[in-house]
Amino acid sequence: MKRLMIPLLLMASASAGAEQMRHSMHHGYFYGLQADALEYRYGDSGEELGYWSTEAWWGTDELKALWLSEAEYSFDHDSWETLDNRLALQTPVSDFIDLRGGLRFDTPDGENRQYAFVGLNGLLPYWLEMDSNLYVNEYGDVSLDLALEYELLLTNRLHLTPELELDAALSDDEAVGVGRGLSGMEAGLRLSYDLVDRAIVPYVGVHYERAFGRTADFAADEGEDRDGWFAVTGVRLMF
């Protein structure tokens, strides 16, 4: 129980300290900070993880500078499993789709990697949220990802959100455990409640991860599981 309370308290502290509000500045400039996820995960093998996905921005409706951060921390090993920071510029290319491009600095379980990337982010028909990117690292390795999310309104405050993310690579990068072809999949289902006008949104759910092909082989060579289920609890801060 004590191990369960520590990450929950850390997550609550992060939530309380992350006041995220969009501010209007002079001459039409805006800035803000948003956490799509501050999350605790408990795996079917007993693994305990912390996860966050955050975004800060500054700019106008036509051009924004972004800092995107995503990380997964293992409480069992007291180490980062992934730590991904991106600096990017974003501009709209249609009413519902934005173009992003910039640099990604990745600290995986292995060697660090730096990437240039370009991608599209926004709403597809039927209100399906999409984020897709193409990456090229310092060795010329090319990889891609695609993330899809749909928010189903059960009531005015209660939402059910299925999520799917696919990762693929055009070549092997064994130093960071990524193989050519479809390398990984993440899927989740989260039930959330709008506690304060979509600004503070606690949720619970399940999350599934699976490695494929050469990536799964690399994981097996390191004694890691090819897939795993997690129970999750967390909060979104969306001011």
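Quick look at the numbers
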{"item": "Test: residue in the range 80-88 that is of a type outside the set (Phe, Trp, Tyr), more than 15 Å from Val235 (Cα to Cα), at pLDDT 95 or above and in contact with a Lys or Arg (Cβ under 6 Å, 6 or more places away or on another chain)", "result": "yes"}
{"item": "Condition check for Glu47: within 25 Å of Ser192 (Cα to Cα) and either within 15 Å of the chain's Cα centre (by Cα) or not acidic (Asp, Glu) (or both)", "result": "no"}
{"item": "Search result, residues across the range 133-147 that are more than 10 Å from Phe117 (Cα to Cα) and under 15 Å from the mean Cα position of the chain (by Cα)", "result": "Asp145, Leu146, Ala147"}
{"item": "Qualifying residues in the range 187-216 (those that are among the acidic types (Asp, Glu) and surrounded by 15 or more Cβ atoms within 10 Å (Cβ to Cβ)) - the one farthest from Thr54 (Cα to Cα)", "result": "Glu209"}
{"item": "Residues satisfying the stated conditions in the range 25-44, i.e. small (Gly, Ala, Ser) and open to solvent by 20 Å² or more (accessible area, probe 1.4 Å)", "result": "Gly28"}
{"item": "Check on Trp67, over 22 Å from Gly184 (Cβ atoms) and within 16 Å of the chain's Cα centre (by Cα)", "result": "yes"}
{"item": "Test result for Arg210, closer than 23 Å to Asp131 by Cβ and touching a residue at least 12 places away in the same chain (Cβ under 8 Å)", "result": "yes"}
{"item": "Of residues in the range 75-98 being acidic (Asp, Glu) and open to solvent by less than 80 Å² (accessible area, probe 1.4 Å), the one farthest from Thr54 (Cα to Cα)", "result": "Asp76"}
{"item": "Residues being open to solvent by less than 20 Å² (accessible area, probe 1.4 Å) and touching a residue at least 40 places away in the same chain (Cβ under 8 Å) - total across the range 45-60", "result": "3"}
{"item": "Those residues of the range 177-201 which are touching a helix residue (DSSP H, G or I) at 6+ places or on another chain (Cβ under 9 Å) and not basic (Lys, Arg), in sequence order", "result": "Gly177, Val178, Gly179, Gly181, Leu182, Ser183, Gly184, Ile200"}
{"item": "Filter result for the condition that a residue is hydroxyl-bearing (Ser, Thr, Tyr) and under 22 Å from Gln34 (Cα atoms), over Thr155, Thr161", "result": "Thr161"}
{"item": "Single residue of the range 159-179 satisfying the filter (open to solvent by 50 Å² or more (accessible area, probe 1.4 Å) and in a loop (DSSP other than H, G, I, E, B)) that is nearest to Gly213 (Cα to Cα)", "result": "Asp172"}
{"item": "Thr233 being at negative phi and outside any strand (DSSP E or B)", "result": "no"}
{"item": "Flag for Leu182 being in a strand (DSSP E or B), at pLDDT 95 or above, among the aliphatic types (A, V, I, L, M) and open to solvent by less than 60 Å² (accessible area, probe 1.4 Å)", "result": "no"}
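The values are calculated or read from the model by the stated rules, or taken from the named source; none is laboratory data. This structure is a prediction, so every number in the text was calculated from the model and none was measured. Counting neighbours? That spans all protein chains shown, and the Cβs are built from the backbone with ideal geometry, glycine included. Just so you know, the surface numbers come from the protein's heavy atoms only, side chains and all, with ligands and any DNA or RNA stripped out. Shrake-Rupley method; radii C 1.70, N 1.55, O 1.52, S 1.80 Å.
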